[in-house]
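Novice: Below is one structure. I have some questions about it.
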Amino acid sequence: MTIQQLEEAVERAFAAGAAAVGDQSAMDVFLKLRAALESGEVRSASPDPAEPTGWRVNAWVKRGILLGFRLGALVEGPAAGLSFVDKHTYPARHFTANDGVRIVPGGSSVRAGAYVARGVVCMPPMYINAGAWVDEGTMVDSHALVGSCAQIGKRVHLSAAAQIGGVLEPVNASPVVVEDDVLVGGNCGIYEGTIVRKGAVLASGTILTRGTPVFDLVNGTILRATADQPLVIPANAVVVPGSRAVTRGKGQEWGLSLYAPVIVKYRDDKTDLSTTLEDLLR
């Protein structure tokens with residue numbers, strides 16, 4: 001089955017609604033899609049220079065992922081002394097040494113339908129959800145989350161407790177994208193379709209959402225999401241948590257400040273030297 005044929009079959013099965021439940025042909029289509037997601041043949045969003053953000057959302061893939069939840073039945077999962085109950089269409093993925101993925105013992109899980117490339121390192125405990133894409137040489141550190149359909153590039157470090165939000169619905173919405181060579185510091189959160197361009201550095205505790213304005217001190221501009229475009233962090237930007245004073249009403253009277261991420265510089269050789277520790281951990 002070609003990718004075009006798979007897309008058409010997914011669209012038919014999804015459009016069937018509840019009638020697809022119990023239909024073996026619909027299940028076969030979903031299983032083909034799940035295998036294609038795991039092999040990297042298809043993904044929920046793809047690089048596309050023709051798009052304003054540089055990324056194209058593949059809504060049919062998202063519909064196929066949702067189809068899997070519709071078709072799935074609750075089953076008990078095997079676990080040593082623990083109890084797991086989930087949709088049978090999304091079990092935990094099983095890896096072998098031939099996959100070239102390093103999963104350190106200690107409670108990590110990768111859900112079926114996620115693509116994890118060779119050379120990825122998974123430190124326990126961490127979680128990668130269905131539909132996610134994690135590319136070569138990336139490290140997913142302890143307590144990090146890669147949400148459904150999130151796109152993680154090559155040689156990214158998701159530091160301890162970093163949260164990469166998933167955007168499965170609405171199906172036309174862009175998922176969170178973290179491009180190549182990005183360093184995401186500990187306890188960072190990237191949500192609601194935010195795009196972090198190549199080489200950016202997010203200092204520990206940085207939170208990025210559609211409603212978060214980012215203050216670029218270098219260029220004297222304020223970056224914001226719009227009604228039809230997500231928040232985009234420029235390539236090589238170094239973003240740190242900051243604050244801005246409330247200038248009216250009780251907030252001003254009480255001397256309050258609001259959280260504000262700030263671009264303090266753009267990455268250079270000195271910044272790169274500070275991240276060479278990543279290579280020692282691989």
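Just so it is clear, none of the values below were taken in a lab; they were calculated from the coordinates. Fair warning: this is a prediction, and the values are worked out from it, not measured in the lab. All Cβ positions, even for glycine, are placed from backbone atoms using ideal geometry, and neighbour counts span all protein chains on display.
Novice: To the nearest Å, what is the center-to-center distance of region 74-131 and region 13-29, using C-alpha atoms only?
Specialist: Going from one Cα centre to the other spans 26 Å.
Novice: Can you return the lysines within cross-link range of residue 32? Criterion is Cα-Cα under 16 Å, with same-chain partners fewer than 8 residues away left out.
Specialist: Partners within reach: 62.
Novice: Place a +1 charge on the Cβ of each Lys and Arg in region 188-266 and a -1 charge on the Cβ of each Asp and Glu, then give the dipole magnitude about the Cα centre in debye, rounded to the nearest 20.
Specialist: Roughly 80 debye, rounded to the nearest 20.
Novice: Taking the chain as a Gaussian network, Cα atoms linked when under 10 Å apart, which of 198, 32, 250 shows the biggest mean-square fluctuation?
Specialist: In this elastic network of the chain, the residue with the biggest mean-square fluctuation among 198, 32, 250 is 250.
Novice: Quick one: compute the contact order of the chain, relative version, from alpha carbon pairs under 8 angstrom and 6+ residues apart, as a percent.
Specialist: Contact order relative to length: 10 percent.
Novice: Could I ask something else about it? As a test of the formula, what do you get for the chain when each DSSP H run with n ≥ 4 contributes -39,500 (n - 2.57) and the sum is divided by the residue count, at 222 nm and rounded to the nearest 500 deg cm²/dmol?
Specialist: The helix-only estimate for the chain comes to -5500 deg cm²/dmol at 222 nm.
Novice: Which net charge results when you count Lys and Arg as +1 and Asp and Glu as -1 among the other residues whose beta-carbon is under 12 Å from that of residue 239?
Specialist: Overall, the nearby charge balance is +2.
Novice: What is the antiparallel percent of DSSP beta bridges lying wholly in the chain, to the nearest 5?
Specialist: So the antiparallel bridges amount to about 35 percent of the total.
Novice: Which one of 179, 38, 253 has the biggest mean-square fluctuation once the chain is modelled by GNM with Cα springs under 10 Å?
Specialist: Highest fluctuation of the listed residues: 253.
Novice: Given a cut-off of under 8 Å on Cα pairs at least six residues apart, what relative contact order in percent is computed for region 1-55?
Specialist: Rounded, it is 25 percent for region 1-55.
Novice: If you don't mind, another one. Pick out, from 221, 194, 231, the residue whose Cα sits farthest towards the positive end of the charge dipole of region 170-240, with +1 on the Cβ of Lys and Arg and -1 on the Cβ of Asp and Glu.
Specialist: Most positive-ward Cα: 221.
Novice: Multiply the residue gap between residue 254 and residue 204 by 0.36 nm, knock off their C-alpha separation, and tell me the result in nm, one decimal place.
Specialist: Between residue 254 and residue 204, full extension yields an extra 15.2 nm.
Novice: In degrees, nearest 10, range 0 to 90: what is the angle between the Cα axis of helix 3-15 and the longest Cα principal axis of the chain?
Specialist: Around 80 degrees separate the two axes.
Novice: As I understand it, the value is the acute angle between the Cα axis of helix 59-71 and the longest principal axis of the Cα atoms of the chain; what does it come to in degrees, rounded to 10?
Specialist: The two axes meet at around 60 degrees.
Novice: Taking the Cα atoms of region 3-74, what is the range of coordinates along each of the three principal axes, in descending order and whole Å?
Specialist: For region 3-74, the Cα spread along each principal axis is 40, 25, 23 Å.
Novice: Compute a Gaussian network model of the chain, connecting alpha carbons closer than 10 Å, and tell me which residue from 157, 143, 94 fluctuates the most.
Specialist: Maximum fluctuation in the GNM of the chain, among the listed residues, is at 94.
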